[in-house]
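First up is the structure itself, then whatever we jot down about it.
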Amino acid sequence: MVDNGFVHIKNPHLDMLSEDILYHFDLGTKTHDLPSMFGDVKFVCVGGSPNRMRSFALFIHNELGLDGDGNNIVDICAGTDRYSMYKVGPVLSISHGMGIPSISIMLHELIKLLHHAKCRDVTLIRIGTSGGIGIEPGTVVITDIAVDAFFRPQFEQTILDKVVVRNTQLHQELAKDLLECSREISSFPTIIGHTMCTYDFYEGQGRLDGALCSFSKML
């Protein structure tokens, strides 16, 4: 939840904690000065691979024209082997691993981090590869809506024996802004489209080469 530019947490239980430990980031509200470390963050870019997100951080370092050759970029989460995090000026580059559970853990702790750091007006973008239907290979797709395996724009999660459904529509104006920026780059096509997210890489995405397969090319 964002209010007046700040990231607010919709969890009253956090107010009762003497310390909030962001376990998988190897950070905490008592062990680290989060506002000093992250208070100037304006953009957070996340992706699956640690190496890819380090390469992205180096790319941003060069694009922003920052001092040094990038060798001083360190993994803030080096104390844990779960995620990697790099800060380059106002940009955070974070790996989230593969699959919904791994991304969910990262997002919980990222949102709390931005809240504790008192960040304002933050834009969050996921960068990743995907298969595509009906589009040219190499096309960059800016997602406006994420759909589940039933093509529904929603995310279902079972919480204490209850199914909680959340909307997955993304920021439409941001998608349009990114598309407008892409007009300056002619080396690859860019479109706005929907992205499907399933719980499984093989059967869930209809692949025929997994260890298990209960369907054929004709279903």
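Screening the candidates Asp26, Asp81 for the property of being over 22 Å from Phe6 (Cα atoms), among the charged types (D, E, K, R) and buried (at least 19 other Cβ atoms within 10 Å of the Cβ) yields one hit, Asp26.
All of (1) exposed (fewer than 10 other Cβ atoms within 10 Å of the Cβ); (2) at pLDDT below 95 hold for Val163 with one exception: (2).
The residue list Ser84, Ser104 contains one member that is assigned by TED's automatic domain parsing to the domain that holds Val7, touching a Lys or Arg at 6+ places or on another chain (Cβ under 9 Å) and of a type in the set (S, T, N, Q), which is Ser84. Within the stretch 167-197, how many residues are touching a strand residue (DSSP E or B) at 6+ places or on another chain (Cβ under 7 Å), under 29 Å from Gln157 (Cα atoms) and surrounded by 13 or more Cβ atoms within 10 Å (Cβ to Cβ)? Count: 10.
With the requirement that a residue be more than 21 Å from Pro101 (Cα to Cα) and either of a type in the set (Val, Ile, Thr) or at pLDDT below 95 (or both), what does the stretch 18-58 give you? Across the stretch 18-58, the qualifying residues are Thr29, Thr31, Val41. Taking the stated definitions as given, is Ile76 in the same structural domain as Glu109 (by TED's automatic domain parsing), assigned to a loop (DSSP other than H, G, I, E, B) and among the aliphatic types (A, V, I, L, M)? So Ile76 fits the description; yes. Report yes if Asn51 is closer than 26 Å to Ser130 by Cβ and either surrounded by fewer than 14 Cβ atoms within 10 Å (Cβ to Cβ) or touching a Leu at 6+ places or on another chain (Cβ under 9 Å) (or both), otherwise no. Yes.
If I ask for residues that are within 30 Å of Ala149 (Cα to Cα) and either of a type in the set (A, V, I, L, M, F, W, C) or exposed (fewer than 11 other Cβ atoms within 10 Å of the Cβ) (or both), which ones from the stretch 86-102 would you list? The answer is Ile94, Met98, Ile100, Pro101. The set of residues in the stretch 31-48 that are surrounded by 17 or more Cβ atoms within 10 Å (Cβ to Cβ) and of a type outside the set (Phe, Trp, Tyr) comprises His32, Leu34, Val41, Val44, Cys45, Val46, Gly47, Gly48. Of all residues in the stretch 100-129, none that is closer than 14 Å to Cys45 by Cβ has its Cβ atom under 6 Å from the Cβ atom of a residue that is in a helix (DSSP H, G or I) and not hydrophobic (A, V, I, L, M, F, W, C), 6 or more apart or on another chain.
The values are calculated or read from the model by the stated rules, or taken from the named source; none is laboratory data. Quick caveat, the model's predicted, so the values are computed rather than measured. Note that we place each Cβ from the backbone using ideal geometry, even for glycine, and neighbour counts take in every protein chain shown.
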